Amino acid sequence: MGRTIPSFRQLLEIEKLDWTDFKKRLPSKKDKQAFDEIFENAKLYTSYLSNAVNPIVFESVIMGSLFCNYKALLEIGKEEKEGEEDKVNEDTITNEAKSLAENKPHGKVVFDRTCKKWQGLIDSLHREDRHLLLKMILETCNYNENCNMVIDEGDSKYPIDYLFFSTAIIQQQKLIDKISKNHGIETSINKTLIDFMPRMN
């Protein structure tokens with residue numbers, strides 16, 4: 001009899017178990033809850049992430065969590081603008097991609113490679129989420145041309161995936177800091193997106 005191949009959901013659980021020692025060493029209960037939330041966010045997109053066919057499960061965890069956080073931050077931003085509509089469609093994506101190619105060629109390279117790597121995920125999402133994911137990727141690749149120029153120094157030294165993830169995390173942290181400041185919430189190193197999300201009962 002052949003071996004059974006684990007499902008992507010099982011792979012997520014195995015990956016989480018591999019990080020048990022790291023989680024145990026986190027300094028507070030709140031940090032441990034935030035760590036668990038990263039995996040819970042990724043689980044929301046399990047069926048879609050499995051279509052990415054990525055052999056590095058932790059990268060899928062990060063992408064799923066970044067996307068979930070991005071959507072949460074957009075919702076918080078909408079509430080702050082009091083219902084202002086910011087509709088994302090194929091035309092806005094196409095126009096932003098053209099602008100990226102013209103103004104930030106290194107960012108366009110990161111965008112193309114990121115989209116190619118995550119094509120299975122992009123194709124499997126519903127239209128609205130697909131547009132939001134592409135918008136997140138575009139905004140990340142449009143962030144800072146100097147940051148994106150590290151791809152000239154060699155992919156082996158600075159993998160495109162980690163460049164993308166690092167830039168996305170920086171952007172999200174800046175938004176969290178801005179929200180904290182606007183609401184008079186004391187910013188500390190331990191503040192994470194989980195602190196701004198409504199608690200589920």
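FYI, it's all coordinate maths here, none of it is from the lab. Computed from a predicted structure; not experimentally measured. Counting neighbours? That spans all protein chains shown, and the Cβs are built from the backbone with ideal geometry, glycine included.
Scoring 87-96, 105-114 by mean Cβ neighbours within 10 Å over their residues and listing the highest first yields 105-114, 87-96.
Annotation for the stretch 19-52 versus the stretch 57-130: alpha-carbon center distance of 21 Å. Computed about the Cα centre, the dipole magnitude for the stretch 11-99 is approximately 520 debye when only Lys and Arg (+1) and Asp and Glu (-1) carry charge, each at its Cβ. Here the peptides 4-15, 123-134 are ranked by packing, the mean other Cβ count within 10 Å, and the order with the highest first is 123-134, 4-15. The alpha-carbon of K104 sits under 26 angstrom from the alpha-carbons of these lysines, leaving out residues fewer than 8 places away in its chain: K71, K87, K116, K117, K135, K157, K174, K178.
Between K178 and S166, the contour length at 0.36 nm per residue exceeds the Cα-Cα span by 2.5 nm. Can you work out the FRET efficiency for the pair Q10 and S124, with r the C-beta to C-beta distance and R0 = 25 Å, to the nearest 0.05? That gives a FRET efficiency of 0.85. Modelled spin-label separation between L17 and Q33, with each label point placed 7 Å from Cα along the Cα-to-Cβ direction: 2.7 nm.
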